[in-house]
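Okay, structure first, notes after.
The values are calculated or read from the model by the stated rules, or taken from the named source; none is laboratory data. Here the structure is a predicted model, which means the values were calculated and not measured. With ideal geometry, Cβ positions are generated from the backbone for all residues, glycine too; neighbour counts draw on all protein chains shown.
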Amino acid sequence: MPRTKAAIGLLAGVAILAVAIPAFGQQSPQSILPPGFGTPAKAPPPPPAAPAPAPVVAPPPPSAPAEPGNAAAASLPDNGLDEAANAAIEGDASNAAAQAAAALRKQDIPEFARRSTEHVGFLRPEVTGVPADGFGNTAGRYLTTLMARLDAPVASRWVSMLLRRVLTTDIQTPGGVDPSDWVAERVLLLTRMGEADAARLLVQRVDPDKATPRLYEAILEAAMASADPAALCPVADVADTKSKTPTWPLARAMCAGLSGEAGTASALVDRARSLPHAAQGIDLLLAERIVGAGPNGKRATDIQWSGVNELTSWRFGLASAAGLAIPDTLFDNGNLAMQAWRARAPMLPAQSRLGAEKIAATLGVMSSADLVDFLSAQAEAGDPYAMDQTPAGRLRSAYVAQDESDRVAALRALWADPEGERDQYASRILTARASARITPSSDYGADASALLASMLSAGLDTQAARWTGVVRSLSGTSGDEAWALLAVGAPRLQVEIDSDRIAKFGDGGRGSARLRAQFLFASLAGLGRIAPRDVDRLGQRLDVPLGVQNEWTRAIDAAAAKREPALTALLAAVGMQTTDWTQVSPVFLYHIIAGLRAVGYEPEARMIAAEALSRT
């Protein structure tokens, strides 16, 4: 068929669909749609011009004759176009056209492949230990408000890791909230926690045609946090029509550039420049840099950071995707979560990510094994003859030195290098498994507290408990530190609990002795390891009024009493909205530990208690 005739036929078919299908009494052209898409009834044949010589009695016509070639239409699932036809018959042509268009859009994702929003997550409850009904009957608006207002990252590495498990679990969608908005708040909270990879995986669990404005925002943040602008492409066109921000026109331009459509990308960039609130400066230049990275790109934009005083998610994501070095001063002035994003950015040089890896570990984003793997990869790429005095060389000695005293010496060197509390705790996380390989001995009594803190930072509580006999024989400040860590961190209480020792804990040590004694008391009380008769007396002595109530304490206590572990974990994070452990309330710490223990997270509660002592 010539092109002209083909185009006419295509337009005729589209017109028949869009005009709401009222012409059932007319002869229609052959449909260009698949079988079953709104098959019209066939008009009865015209009567013969003259009677036949031998008339034959015709069978009765079928009640719903099908169009030739569409005999299988009756067996196809309803696709929504029947409603459009009925509306057209009733005279509501505009509504019919809208329903027909919506039905066609649904064909982008076949019905069998569409995902339910009744429960959303990419990890099963059996894997995370978070039940599918972990939020109970809590209203969705209450939960989304908590998540939207939660200032992350939080103080505790272990609270953050527990909250990540809750947010990524395939958990039931609560009532009273749009499912897409529910997922969006979870994704946005994950990005603020530094969990870029988890956020990207979670946002992909919702079909694009179910997106809401809030989910578009979450998609954007997850894509930028994971330095993956191509993740915007499935929704960029639709989001551009529903959002007034200059972000989505640039997203469409980047997607066109990455697809090799340089002309379209250039036109979209020009359009983005003409918008009332157009992106300017480095935001526009970074987008053009991504456009130029496509196979047919011709824009090699030069990026200069001079004059840039703030690092936004847009700037981080596009610069990292392009492999551009971002000044450390911008990271220093930015949110800690961006350091965790930086640690995961694959396009950035490994050497520039070492500090970010350590920060990410203290936030709970990176594990002890991740840190070891990262340093090992750096060692393989470096000079093997100059490695001994590097962190990677010392870590190797901590694992493989033949003499155990040499392994302990290597650990001491790793612990001595860092400056500041966060670096110090990161060194504990790094050496956790190497510390667990040291044989308990009084020869290393002076190192017992550091070894225990290191093991408990990675949850190696069984290995830490092997030091009970050594710790019982220790005295002085080092002995008190080791005793306190075992008192809160061991799976079973194996050391004697002494009220005077609790009240005097921290004297002569680092930090605020009063705060550390309060943390120890609150932790032991929350774990139920202090005799009830001593709780009130010690609380008064240390000025920790455990009986004081406010809206938050009542909420977390109620969640624990109703056995709602997901809500309890979320409220635990709400109670730790700071990155500085010295700003955590001992009373809040008590309710967090007691609540988590009540809902079955006793191991996590013990690790939070040990972290409180290790980081103050």
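At-a-glance table
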| read-out | value |
| --- | --- |
| Checking Arg533 against (1) within 16 Å of Tyr590 (Cα to Cα); (2) surrounded by fewer than 17 Cβ atoms within 10 Å (Cβ to Cβ); (3) not hydroxyl-bearing (Ser, Thr, Tyr), the condition it does not meet | (1) |
| Residue identified as at pLDDT 95 or above, assigned to a helix (DSSP H, G or I), of a type in the set (Gly, Ala, Ser) and under 24 Å from Gly129 (Cβ atoms) among Ala218, Ala198, Ala222 | Ala198 |
| Candidate set: the stretch 110-126, residues that are touching a Lys or Arg at 6+ places or on another chain (Cβ under 9 Å) and under 20 Å from Leu189 (Cβ atoms); chosen: the one modelled with the lowest pLDDT | Thr117 |
| Tabulated pairs, the stretch 280-297, first at pLDDT 90 or above and in a loop (DSSP other than H, G, I, E, B), second crowded, with 18+ Cβ neighbours inside 10 Å and of a type in the set (Lys, Arg), C-beta under 9 angstrom, 6+ apart or interchain | none |
| The stretch 405-416: number of residues that are of a type in the set (D, E, K, R) and either in contact with a Phe, Trp or Tyr (Cβ under 7 Å, 6 or more places away or on another chain) or at pLDDT below 95 (or both) | 0 |
| Whichever residue in the stretch 379-420 is in a helix (DSSP H, G or I) and among the acidic types (Asp, Glu) and, among such residues, is surrounded by the fewest Cβ atoms within 10 Å (Cβ to Cβ) | Glu380 |
| Members of the stretch 259-277 found to be part of a helix (DSSP H, G or I) and either of a type in the set (Val, Ile, Thr) or more than 16 Å from Leu220 (Cβ to Cβ) (or both), listed by number | Ala262, Gly263, Thr264, Ala265, Ser266, Ala267, Leu268, Val269, Asp270, Arg271, Arg273, Ser274 |
| Which listed residue is modelled with pLDDT under 95, within 18 Å of Leu395 (Cα to Cα) and not in a loop (DSSP other than H, G, I, E, B), from Asp480, Asp423 | Asp423 |
| Residues of the stretch 520-556 classified as closer than 18 Å to Trp483 by Cα and of a type in the set (Lys, Arg), total | 1 |
| Hits in the stretch 193-219 (condition: surrounded by fewer than 23 Cβ atoms within 10 Å (Cβ to Cβ) and either in contact with a Pro (Cβ under 7 Å, 6 or more places away or on another chain) or polar (S, T, N, Q) (or both)) | Gln204, Pro208, Thr212 |
| Count of residues meeting criterion [part of a loop (DSSP other than H, G, I, E, B) and either within 18 Å of the chain's Cα centre (by Cα) or β-branched (Val, Ile, Thr) (or both)] in the stretch 565-581 | 3 |
| Leu589 over 28 Å from the mean Cα position of the chain (by Cα), modelled with pLDDT of 95 or more and not polar (S, T, N, Q) | no |
| Residue in the stretch 363-374 that is surrounded by fewer than 21 Cβ atoms within 10 Å (Cβ to Cβ), under 33 Å from the mean Cα position of the chain (by Cα), more than 21 Å from Arg615 (Cα to Cα) and hydroxyl-bearing (Ser, Thr, Tyr) present | no |
| Condition broken by Gly595, with the remaining ones in (1) free of Cβ contacts under 8 Å to residues at least 24 places away in the same chain; (2) touching an Asp or Glu at 6+ places or on another chain (Cβ under 7 Å) satisfied | (1) |
